[in-house]
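Undergrad: Here's a structure for you.
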C-alpha cells in the first residue's frame, strides 16, 4: 500500500491518487506515521504537512517508521525538507524542491509554506516562495523581466508573511514595483495552464510515480534500535484500535482496566511473566520467579522489582493486559473519552493536569477499596508504579467518573 500525505499541493481527485493501492491522507502531523494501517513493506509519501496549527511530524517518527520496514519518500513541501534532513538515514527525496534544499540553494520552511483551506480539497490560498522563484526565472528567460527586476520582485514577495501572500498581494507588489507587464504575462500563462510554474505539484506527482514504480530502500533501516522514551510515549499515545464499532485509544483502555478491573494485579503479573521470557529481559525462557530470586532474593513481589515500560504496539502485551476487558468496559472508555473531550471544549484552558490530585486520589482509594497506607502498593501491583503516577494516569478518567456520579467538573470542585 502507498500512503500519500497531501493537502494543497495535489487535489484528491488527481488520477495518480485514485489508482489502486494508493491511500490518501490529510497533510501529515505529529503521530500520523504510528497509524496501524501503515505496515511493514508499505510506502509513505510525505508531501504536505501541518506545522502552524498543530504539532509537526517529528524526525524520530519517520526514523521509527523506516525502522519497522516502511519506505518513506519526501517531496515538494515539508516532505522535501524532511528528506534532506533524513537522507543519510534512508529517506528518499524526489524533485527539484528537494534538490534545491539538498544543494543549499534554498533553506527555511518559508520557501514551501502556504496558507490552505481548512477542509474540503484543502486548496492552497497563497503562493509559496519556491513557485514564485521558479516563475520569476521563467519570466527572466522569456525576456519579460531582467535579472534586477526579478530579484527585486522576489525580495519584495518574500517579505509578505506566507498566509498573506495571496494573488491579490502578488498583484499589489507587482504594481508597487512597476512590473505590470509581468503581472499581465503571469495572468495569461495561468489562464492557459492553471498549474503554470507549480514546481511543488510536479515534484509531488514525481514522488507518487516513484512510489508506484517500486523504489527499493537501503537494505537496513537505521531507524531500528533508535527508540527513545519520547518515541515510546508518542507511539503509546497514538495507538488506537477499532473494536465493537468504537474507535478507542489503546492507552485509555489500559488505564481504565488498571483503575477499574479488580483482578488487574493478575493481568500485570502475567505481563511481567511474558516480559521476563523475552530476549533482553533476562534471557529467553527464564521464568519470572527465577529472575526475582536472582535479583531480590525472593523477598519482594515482582511488581516491586520489575517495572518495564509498556509498548502498546506489541499485540501480545496488549492482549495480556486487556484480557479482562468486557464490551461494557469499552463502552465506558468511549463515554469517558467523550466526557474528557467535553471538558476540553467547555472550559477554555482546561487540561488533565488541572484535575485536582486529592480528588483523583480519593476516587482511586474508593474504587480500589484500599486504606491510604496501601495506596502506593496497590498502584504498583496494577503496573502504575506508585501512587503519584497512578493519580496522573487516572486524571483522564475523572470527568467521566464524575459524570456518572452526576457531579460536574467545575471550579473549586474537580479543577484547580
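The values are calculated or read from the model by the stated rules, or taken from the named source; none is laboratory data. Computed from a predicted model, the values in this text were never measured in an experiment. Counting neighbours? That spans all protein chains shown, and the Cβs are built from the backbone with ideal geometry, glycine included.
Undergrad: Can you tell me which residue within the stretch 348-370, out of those that are surrounded by 15 or more Cβ atoms within 10 Å (Cβ to Cβ) and under 25 Å from the mean Cα position of the chain (by Cα), is farthest from residue 387 (Cα to Cα)?
TA: Among those that are surrounded by 15 or more Cβ atoms within 10 Å (Cβ to Cβ) and under 25 Å from the mean Cα position of the chain (by Cα), it is 350.
Undergrad: Mind listing whichever residues of the stretch 213-240 are more than 21 Å from the chain's Cα centre (by Cα) and either buried (at least 16 other Cβ atoms within 10 Å of the Cβ) or at pLDDT 85 or above (or both)? First the steps, then the outcome.
TA: Step one: of the stretch 213-240, the residues more than 21 Å from the chain's Cα centre (by Cα) are 213-220.
Correct list: 213, 217.
Undergrad: Could you check the stretch 241-272 and list, in sequence order, the residues that are surrounded by fewer than 17 Cβ atoms within 10 Å (Cβ to Cβ) and not in a helix (DSSP H, G or I)?
TA: Across the stretch 241-272, the qualifying residues are 241, 242, 243, 244, 245, 246, 247, 262, 263.
Undergrad: Also, I was wondering about something else. Please specify each residue of the stretch 14-49 satisfying the condition of being in contact (Cβ under 8 Å) with a residue 40 or more places away in the chain and assigned to a loop (DSSP other than H, G, I, E, B).
TA: Residues satisfying the conditions are 14, 19, 21, 26, 27, 30, 31, 35, 36, 42, 47, 48.
Undergrad: Restricting the stretch 74-133 to residues that are on the phi > 0 side of the Ramachandran plot and exposed (fewer than 14 other Cβ atoms within 10 Å of the Cβ), which is farthest from the chain's Cα centre (by Cα)?
TA: Only one residue fits best here, namely 104.
Undergrad: Any residue at all in the stretch 325-336 that's surrounded by 15 or more Cβ atoms within 10 Å (Cβ to Cβ), out of contact with any strand residue (DSSP E or B) (no Cβ under 7 Å at 6 or more places or on another chain) and in a loop (DSSP other than H, G, I, E, B)? Let's see the steps before the verdict.
TA: Looking only at the stretch 325-336, we keep the residues that are surrounded by 15 or more Cβ atoms within 10 Å (Cβ to Cβ), and these are 325, 329-330, 332-334, 336.
From what is left, the residues that are out of contact with any strand residue (DSSP E or B) (no Cβ under 7 Å at 6 or more places or on another chain) are 325, 329, 332, 336.
In the following step, the residues that additionally are in a loop (DSSP other than H, G, I, E, B) were identified as 325.
Looking for residues that are surrounded by 15 or more Cβ atoms within 10 Å (Cβ to Cβ), out of contact with any strand residue (DSSP E or B) (no Cβ under 7 Å at 6 or more places or on another chain) and in a loop (DSSP other than H, G, I, E, B), one finds at least one in the stretch 325-336, hence yes.
Undergrad: Let me confirm something: among 293, 309, 316, which residue is closer than 30 Å to residue 68 by Cβ, without any contact (Cβ under 8 Å) to a residue 60 or more places away in the chain and loosely packed, with under 15 Cβ neighbours inside 10 Å?
TA: From the options 293, 309, 316, the qualifying one is 316.
Per-residue answers, yes or no, for (1) in the same structural domain as residue 393 (by TED's automatic domain parsing); (2) more than 13 Å from residue 382 (Cα to Cα):
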site	(1), (2)
261	yes, no
286	no, yes
333	yes, yes
357	yes, yes
